[in-house]
Every structure is written in C-alpha cells, then in structure tokens.
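Trainee: Shown below is the structure under consideration.
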Amino acid sequence: MNPSIEAPVVRTPAGAVRGAWEPGDGGGDPRIAVFRGIPYAEPPVGPLRFAPPQARRPWDGVLETIGFGPTPQRGETGITLIPEHAIAGDDTLSVNVWTPAPDPDAALPVVVWIHGGGFISGSPASPWYDGRAFARDGVILVTLSYRIGFTGFGWIDGATQNRGVLDWIRALEWVRDSIRAFGGDPGRVTVFGQSAGGGAVLTLLGAPGARGLFHGAYAMSAAVADPSPEAARARGRHLARLAGVAPDPSGFAGVPEARLLELQRKVTAPQAPHLLRDLHEMLRQGLLLGPVVDGDVVTDPVEIAVARGANAAVPLVLGCTDDELSGLFHPGGAIDRLPRHALLLALGAKAGAARRWLAEPAVRATEGSALMLGRYASDAILRSTVPRVAAARAAEPAAGPTWSYRFSWHADEPPRAGHCIDVPFVFDRLDAPGVERVAGSEPPQALADAVHGSLVGLARDRDPGWAQDRGGSGPSRIFDVPVRDEADAYAQPRALLGA
C-alpha cells in the first residue's frame with residue numbers, strides 16, 4: 001500500500017485504535033482496513049485468572065493494533081493441521097477485525113470466528129483465518145481469542161465455571177457495542193467455528209448470556225464437550241490432587257501456568273494404560289474438557305440447547321467432512337484381528353445401533369477393524385451430531401431453520417476428506433501456507449467459491465442457498481466436485497442414534 005496514506009483509526013467505546021490498510025483479495029485495490037489485537041477484556045491474570053472476563057477499562061490516546069495480541073495457547077505445538085501460532089504475553093483476550101469500509105454508516109454483515117483445538121489448544125493467529133475474501137464480498141470478519149484448557153474450562157470448586165464460554169460472550173458483547181464503528185451492523189452478526197469452535201457455536205445457541213448477541217450460526221465439524229457435572233468435578237479434583245493443592249480458586253492460584261499445562265495433559269487426552277476407557281468416555285460424553293452444564297452459564301446439554309435455548313430461533317447451518325477421524329487408528333496391528341461388533345460394544349455402542357451401523361454399505365466396504373474404528377469414531381464423536389441436532393430443532397416449533405451439508409471432496413494425497421480440510425475453503429484462502437497438507441497442491445477454486453459463498457449467503461441473506469434439512473434426513477448440500485444435494489446424506493451416522 002502507499003505509505004503516504006494515513007492509517008485507519010476507529011473510535012470504540014473503550015478508546016481509539018489504529019490499524020493498517022492492507023491489499024484486498026487478489027493483491028490490489030480495493031484496500032481493506034485490518035485491526036489486530038484489540039483487547040475486549042482485562043488481562044486474565046492475578047485475581048482474574050479464574051474469574052469471568054472483565055470489560056476493558058478505557059484507555060487514553062490511540063492504541064496501535066497492527067499485530068496479533070498474545071494468545072492463551074503457550075509455546076508452538078509443532079506441525080498441526082492448521083498453523084496456529086502462539087504469541088507470548090498476558091493480554092490474551094483480544095479480537096481481530098478485517099473490514100472493507102470502516103465507516104459507521106456502512107452497516108455491513110459481520111461474521112465472528114471461534115477457532116478450534118479441542119478446547120485445549122488453538123489460536124486466532126493463523127494465516128488461514130484471513131478476512132480478505134469476506135471483505136471482498138462486503139462482509140466484516142472478526143476473530144477472537146479465548147481462555148483454553150483448564151484455565152478456561154476446568155471445574156474449580158467455588159469458582160465461576162465455563163470461563164471460556166464467558167469469554168466468547170464477552171467478545172460478542174464487544175462486537176455488539178463496537179462493530180458499528182468498523183462499518184458493521186450489530187443486528188446482522190453470524191458466529192461460525194470449526195471443531196471445538198463448532199461446538200462453541202452450538203453451546204452459544206443455548207447460553208442465556210448470549211441472548212440476542214448473534215443472528216446466524218454456522219457450525220463446522222462441531223466437537224461437543226458434554227461431560228456431566230460430576231465427571232467435570234471429578235476431573236478438576238483429580239488435577240488438584242496431582243498438583244498437591246485444594247480444588248478451589250485459592251489452591252489453583254498457586255499452580256504456575258506451565259505446571260498447570262503439564263498436568264492438564266494427564267486429564268484431557270486418552271492415553272495408556274486406559275486408552276480404551278478414556279476413548280469410551282469421549283465417545284459417550286464428547287471431549288474430556290470443555291463447556292459443562294453448570295446451571296448458570298450453560299444451562300442445558302447441547303441437544304436441548306440448540307432446540308430450546310436462548311438463541312434457538314437463530315438460523316443454523318451445520319455439517320461435517322466425510323472422513324473426520326478416519327486416520328485415528330493405524331491398520332495392520334492387533335486391532336485388525338478383533339471382531340468388529342465386539343469392538344463397538346467395548347467402546348460403548350448399543351447392540352442394536354452397532355448392528356445397524358455395521359450394515360451400512362460404506363462400513364461393510366471398510367477394510368480392517370482399525371479403519372472401521374476410525375469411521376466409527378468419526379460418526380460417534382462428530383458426524384452423528386448433524387442429524388441429532390437437525391432432528392431436535394425440527395421437533396421444536398420455536399427453533400429456527402436448519403441446513404445441513406457434507407464436505408466430501410478430497411485430494412489424491414491425503415486420500416480422505418479429513419478433519420480441518422474444509423477450513424481454507426470457507427475462508428477462501430486456498431493459497432495460505434500449509435493448506436497443501438490437507439487439500440493437496442491443486443484444491444478447486446470453484447469449491448471454495450461454493451463453501452465460502454454459503455456462509456456469506458447466511459450472513460447476508462439468512463439463507464446459505466439450498467433447501468432446509470427435514471429433521472435429520474436432509475436434503476444436505478454435498479460440497480464436492482460437482483456440488484450437489486442429497487437426501488439422507490447422514491444415514492450412516494444416523495444409524496448410531498437410538499437403541
């Protein structure tokens with residue numbers, strides 16, 4: 001950009017922020033204004049470490065917001081499917097904004113991204129989460145950071161639970177109060193997320209504190225954490241015992257951050273010698289750490305929340321990839337020699353559901369029990385959520401319209417439509433670094449146009465562009481080449497529902 005052009009300055013209720021003009025999509029004009037690292041809450045340190053987020057105190061002068069703020073994710077996590085960088089520092093609760101028109105009169109639709117990472121990792125500082133394509137289409141993108149891991153979601157006796165959920169709500173309050181100054185319409189806000197971020201979207205549909213803060217929802221590969229309060233409390237007390245402290249705020253306050261991160265790994269991931277037991281719990285209750293029904297911040301399990309919750313009337317799009325976790329188990333080992341039906345029963349499947357699921361054509365064609373278990377984990381943990389949520393909303397007259405999709409396209413290498421493959425398509429950032437790891441060297445631009453366009457359509461027109469789902473039996477949009485619609489596209493995971 002021309003260095004002589006004055007940087008964009010926007011005045012928010014907390015103070016003025018200065019961002020930067022950056023090239024629009026394609027590398028040229030129209031330019032877009034980008035603001036990174038705008039704090040939406042006080043730093044969650046000291047007495048605020050395990051407390052609800054506090055609104056940011058006003059500042060004097062103009063705050064420079066040209067770089068991502070510090071992230072709750074600590075340390076680089078190595079090569080991951082999505083490159084999400086960690087940034088050191090305490091001021092971790094911030095938002096980032098891409099806008100084509102920082103003009104209060106623009107009244108543009110807004111999309112708010114909540115990153116994934118199993119509620120224990122992830123960061124908004126990723127080249128995949130870039131807002132140029134949204135700005136090109138007249139939509140403002142906001143991405144946010146939130147407390148993750150035990151700090152955000154661990155059960156602490158006597159503390160406010162679901163602190164990460166409260167961070168999402170506080171960020172949405174910031175959008176409501178501030179986005180008009182960036183050119184956005186606070187009455188046209190759509191939340192979207194993938195994996196744990198998709199689970200966040202479903203959680204927010206039921207959270208009383210989020211009532212009226214968004215008007216559309218788009219959940220991709222939603223990973224739901226629905227542990228019982230008893231299980232969450234037991235896990236928190238177990239971590240306290242490992243740390244040698246009382247399971248309350250004063251006890252955990254004495255546990256250094258690095259030590260807490262080290263210990264949370266022992267209670268958040270399936271591992272030997274209890275691998276099957278822990279996987280059984282994940283298949284039954286979802287992720288081992290995340291939002292939990294506490295009766296206050298989160299009042300109902302997801303299946304009830306999406307149909308009867310505070311924001312249940314909001315239009316919802318949800319879907320999954322075809323092969324979410326198909327690579328979870330490696331073929332050729334002892335698992336391949338074990339009977340399939342017995343394996344499913346050992347992992348908690350009901351006998352009738354196991355028989356129905358094993359009879360599905362794609363399951364019967366799966367070679368080896370290890371690959372079959374990967375398909376089962378995909379369906380039980382992620383893909384069955386789609387027909388279950390659609391059916392729950394269809395049964396409730398006050399619930400809003402629901403659309404479903406399947407992302408089926410895959411590159412030759414890797415030869416599956418795995419977890420995260422759809423993220424660069426929804427952002428229309430096929431040229432971002434690392435995309436080739438999930439989508440190969442030549443991902444189809446026409447497919448990105450379709451996926452990205454469906455979210456833009458929801459944000460702008462409250463309609464992604466295909467027929468609504470009829471209670472879990474479709475029709476569903478199939479994002480493939482060519483794009484098409486199919487009835488009962490989730491028949492396979494739907495076989496797991498019921499006895």
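Trainee: Quick check: is even one residue across the stretch 319-342 at negative phi, of a type in the set (D, E, K, R), out of contact with any helix residue (DSSP H, G or I) (no Cβ under 9 Å at 6 or more places or on another chain) and buried (at least 16 other Cβ atoms within 10 Å of the Cβ)?
Mentor: no
Trainee: Let me ask something else. Check off (1) at pLDDT 95 or above; (2) open to solvent by 30 Å² or more (accessible area, probe 1.4 Å) for Val451 and give me the number that stays unchecked.
Mentor: (2)
Trainee: How many residues are of a type in the set (A, V, I, L, M) and either farther than 21 Å from Val10 by Cα or without any contact (Cβ under 8 Å) to a residue 40 or more places away in the chain (or both) when one looks only at the stretch 86-101?
Mentor: Initially, the stretch 86-101 is screened for residues of a type in the set (A, V, I, L, M), giving 86-88, 93, 95, 97, 101.
From what is left, the residues that are either farther than 21 Å from Val10 by Cα or without any contact (Cβ under 8 Å) to a residue 40 or more places away in the chain (or both) are 86-88.
Total satisfying the criteria: 3.
Trainee: Right, something else. Only residues in the stretch 427-450 that are under 17 Å from Pro127 (Cα atoms) and of a type in the set (D, E, K, R) count as the first member; pair them with residues that are open to solvent by less than 30 Å² (accessible area, probe 1.4 Å) and not in a helix (DSSP H, G or I), Cβ under 6 angstrom, at least 6 apart or cross-chain, and list the lot.
Mentor: Arg429/Trp128; Arg429/Asp130
Trainee: Which of the numbered conditions does Ala380 fail, given that it passes all the others? Conditions: (1) at pLDDT below 90; (2) assigned to a helix (DSSP H, G or I).
Mentor: Of (1) at pLDDT below 90; (2) assigned to a helix (DSSP H, G or I), only one is false for Ala380: (1).
Trainee: Looking at the stretch 469-479 only, could you name the residues that are open to solvent by 30 Å² or more (accessible area, probe 1.4 Å) and either assigned to a strand (DSSP E or B) or closer than 21 Å to Asp422 by Cα (or both)?
Mentor: Arg477
Trainee: Another question, then. Would you say Ala7 is more than 24 Å from Ser145 (Cα to Cα), modelled with pLDDT of 95 or more, of a type in the set (Gly, Ala, Ser) and open to solvent by 20 Å² or more (accessible area, probe 1.4 Å)? Give the steps one after another, and end with the answer.
Mentor: Working: more than 24 Å from Ser145 (Cα to Cα): yes; modelled with pLDDT of 95 or more: yes; of a type in the set (Gly, Ala, Ser): yes; open to solvent by 20 Å² or more (accessible area, probe 1.4 Å): yes.
It is true that Ala7 is more than 24 Å from Ser145 (Cα to Cα), modelled with pLDDT of 95 or more, of a type in the set (Gly, Ala, Ser) and open to solvent by 20 Å² or more (accessible area, probe 1.4 Å).
Trainee: In this structure, does Ala354 turn out to be closer than 28 Å to Tyr405 by Cβ and open to solvent by 60 Å² or more (accessible area, probe 1.4 Å)?
Mentor: In short, no.
Trainee: For Ala107, only one of the following conditions fails: (1) surrounded by 23 or more Cβ atoms within 10 Å (Cβ to Cβ); (2) small (Gly, Ala, Ser); (3) touching a residue at least 60 places away in the same chain (Cβ under 8 Å); (4) farther than 24 Å from Asp431 by Cβ. What is its number?
Mentor: Status for Ala107: all satisfied but (1).
Trainee: Taking the conditions exactly as written (at pLDDT 95 or above, surrounded by fewer than 22 Cβ atoms within 10 Å (Cβ to Cβ) and acidic (Asp, Glu)), does Asp412 satisfy them or not? Step through it out loud before you land on a result.
Mentor: On the way: at pLDDT 95 or above: no; surrounded by fewer than 22 Cβ atoms within 10 Å (Cβ to Cβ): yes; acidic (Asp, Glu): yes.
No.
Trainee: A further question on this structure: From the list Val255, Val189, Val245, which residue is under 20 Å from His452 (Cβ atoms) and either surrounded by fewer than 23 Cβ atoms within 10 Å (Cβ to Cβ) or in contact with a Lys or Arg (Cβ under 8 Å, 6 or more places away or on another chain) (or both)? Outline the logic, then answer.
Mentor: Working: Val255 fails: under 20 Å from His452 (Cβ atoms); Val245 fails: under 20 Å from His452 (Cβ atoms).
The unique qualifying residue is Val189.
For (1) modelled with pLDDT under 90; (2) not basic (Lys, Arg), each residue gets a yes or a no:
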{"residue": "Leu343", "(1), (2)": "yes, yes"}
{"residue": "Lys350", "(1), (2)": "yes, no"}
{"residue": "Ala354", "(1), (2)": "no, yes"}
{"residue": "Ser369", "(1), (2)": "yes, yes"}
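Trainee: So, one more: Among the candidates Arg477, Arg388, Arg462, single out the residue that is of a type in the set (D, E, K, R), within 16 Å of Ala222 (Cα to Cα) and modelled with pLDDT of 95 or more.
Mentor: Working: Arg477 fails: within 16 Å of Ala222 (Cα to Cα); Arg462 fails: within 16 Å of Ala222 (Cα to Cα).
Among Arg477, Arg388, Arg462, only Arg388 is of a type in the set (D, E, K, R), within 16 Å of Ala222 (Cα to Cα) and modelled with pLDDT of 95 or more.
Trainee: Related question: Ala380 versus (1) open to solvent by less than 50 Å² (accessible area, probe 1.4 Å); (2) more than 20 Å from the chain's Cα centre (by Cα): which is the lone unmet condition?
Mentor: Of everything listed in (1) open to solvent by less than 50 Å² (accessible area, probe 1.4 Å); (2) more than 20 Å from the chain's Cα centre (by Cα), Ala380 misses just condition (2).
Trainee: Output the number of the condition that Ile421 fails; it satisfies all remaining conditions of (1) within 15 Å of Ser326 (Cβ to Cβ); (2) assigned to a helix (DSSP H, G or I); (3) modelled with pLDDT of 95 or more.
Mentor: Result: Ile421 passes all but (2).
Trainee: In this structure, is Ile304 buried (at least 16 other Cβ atoms within 10 Å of the Cβ) and either touching a helix residue (DSSP H, G or I) at 6+ places or on another chain (Cβ under 7 Å) or within 20 Å of Gly472 (Cβ to Cβ) (or both)? Full working, then the answer.
Mentor: Numbers: buried (at least 16 other Cβ atoms within 10 Å of the Cβ): no; either touching a helix residue (DSSP H, G or I) at 6+ places or on another chain (Cβ under 7 Å) or within 20 Å of Gly472 (Cβ to Cβ) (or both): yes.
For Ile304, the condition - buried (at least 16 other Cβ atoms within 10 Å of the Cβ) and either touching a helix residue (DSSP H, G or I) at 6+ places or on another chain (Cβ under 7 Å) or within 20 Å of Gly472 (Cβ to Cβ) (or both) - is not met.
Trainee: Return yes when Gly212 is out of contact with any Phe, Trp or Tyr (no Cβ under 8 Å at 6 or more places or on another chain) and part of a loop (DSSP other than H, G, I, E, B) and no when it is not. Lay out the reasoning, then the answer.
Mentor: Numbers: out of contact with any Phe, Trp or Tyr (no Cβ under 8 Å at 6 or more places or on another chain): yes; part of a loop (DSSP other than H, G, I, E, B): yes.
Yes; evaluated as a whole, the condition is true for this residue.
Trainee: Oh, and also: Return a yes/no flag: does the stretch 65-80 have any residue that is over 30 Å from Glu262 (Cβ atoms) and surrounded by fewer than 18 Cβ atoms within 10 Å (Cβ to Cβ).
Mentor: From the stretch 65-80, those over 30 Å from Glu262 (Cβ atoms) are 65-66; that's our starting set.
Still in the running and surrounded by fewer than 18 Cβ atoms within 10 Å (Cβ to Cβ): 66.
Within the stretch 65-80, one or more residues are over 30 Å from Glu262 (Cβ atoms) and surrounded by fewer than 18 Cβ atoms within 10 Å (Cβ to Cβ).
The values are calculated or read from the model by the stated rules, or taken from the named source; none is laboratory data. These figures come from a predicted structure and were not determined experimentally. Positions of Cβ are generated from backbone atoms using ideal geometry, with glycine treated the same way; all protein chains shown enter the neighbour counts. Areas reflect the complete protein model, heavy atoms only, side chains present, ligands, DNA and RNA absent. Shrake-Rupley method; radii C 1.70, N 1.55, O 1.52, S 1.80 Å.
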